[in-house]
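Worksheet for the structure shown next.
What follows is calculated from the coordinates using simple rules that are stated; it is not laboratory data. Computed from a predicted model, the values in this text were never measured in an experiment. Ideal geometry is used to build each Cβ from the backbone, glycine not excepted, and the neighbour counts take in all protein chains shown.
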Amino acid sequence: MIRISEQALPANGTVHIWSLSLDDPALDLPELLSDDEITRFAGLSHHKARSRFLRTRSALRLILESYVRCPANELTFIPGENGKPELATGPPKLRFNLSHSGHCFLLSVAAESDIGIDIEQIQANRDYAALARRFFTEEESSLIDSSDNDSLFYRMWVLKEAAVKARGMKLLAGLDRFECLLSEKGDLKIRDKLGCANDSDWSVRQWQADEKFVAAVMVKCPEAQFIDKSLR
């Protein structure tokens, strides 16, 4: 079984970002799952969906085990505000957020600071303009219409979803609240249209995981430091 050395809770202003491949068969660890997770796993009919679910939950439990000093199979998750998962036991300061797409898995871990992360696989030949009109603001839709870069839609999506998840909001209710702005250099920034939060209180990291994946993480901490972690 994969073992992760004990991890200290990230210092204030620091975020740990764990990444791994869900193609790793070493993560086939059904003995780590709770009864509820086993029921959900058994209810999946597609082989790939079953495999990704099992490995995602196993990876989540193994990583969090290293922070809370509790056996992975004994960790209990409870829904927080708007259903965002939290640990029932463990350091009260621990904050985490998970995202996965295709074979890529990301988990962000912080202390005290609200955090959200998202990763998406870029899919070619989709009607991005129609999707933008449905989920994005008019200004964002105009940017998508005028761009021939398939990744721009996904870069906006992961940034907006990270912002929504960091605040513990429901996705569809929050997408329209946050707006992406594109600089002349092609950099994306995000703002809260309602002005309910000071944007300078938040730190953002955006990156391309490889040619087919884009990701973003957002944490309520100015000038946060992001540290990459892996199981291997």
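Computed values, structure above
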{"item": "Helix-only [θ]222 nm of the chain, DSSP H runs n ≥ 4, -39500 (n - 2.57) each, per residue, nearest 500", "result": "-9000 deg cm²/dmol"}
{"item": "Protection proxy ranking, peptides 15-24, 53-62, 181-190, average beta carbon neighbours within 10 Å, highest first", "result": "53-62, 15-24, 181-190"}
{"item": "Mean separation of Cα contacts under 8 Å (6+ apart) over length of the range 1-72, as relative contact order %", "result": "44 percent"}
{"item": "Amide proton proximity set for T14, modelled H, under 5 Å, gap of 5+", "result": "A111, Q225"}
{"item": "Segment E138-S151, length gained on full extension (0.36 nm per residue, minus Cα span)", "result": "2.8 nm"}
{"item": "For the range 12-20, 3J(HN,Hα) per residue [Karplus equation, 6.51 cos²θ - 1.76 cosθ + 1.60, θ = phi - 60°, Hz, x = Gly/Pro]", "result": "4, x, 10, 10, 8, 10, 8, 10, 7"}
{"item": "Fully extended contour minus Cα-Cα distance, from L44 to R191, at 0.36 nm per residue", "result": "49.1 nm"}
{"item": "Principal semi-axes in Å for the chain [√(5λ), Cα gyration tensor, largest first]", "result": "30, 21, 16"}
{"item": "The chain: most fluctuating residue of C221, C70, C104 per GNM, C-alpha cutoff 10 Å", "result": "C70"}
{"item": "Farthest toward positive dipole pole in the chain [+1 Lys/Arg, -1 Asp/Glu at C-beta], among H46, N82, G195", "result": "H46"}
{"item": "Quotient of C-alpha Rg and 2.2 N^0.38 Å, computed over the range 14-113", "result": "1.05"}
{"item": "Nonlocal amide H pairs with L20, under 5 Å, H built at 1.01 Å", "result": "F105"}
{"item": "Relative exposure of Y154, Y128, judged by other C-beta atoms within 10 Å (fewest first)", "result": "Y128, Y154"}
{"item": "Under 18 Å from the Cα of K193 - aspartates and glutamates, other chains or at least 8 residues apart", "result": "E138, E139, E140, E161, D176, E179, D201"}
{"item": "Full-extension gain in nm, D28 to Q123, via 0.36 nm per residue minus C-alpha separation", "result": "31.5 nm"}
{"item": "For S147, residues with placed amide H under 5 Å, excluding near neighbours", "result": "none"}
{"item": "Average Cα contact separation per residue, the chain, under 8 Å, 6 or more apart, as relative contact order %", "result": "23 percent"}
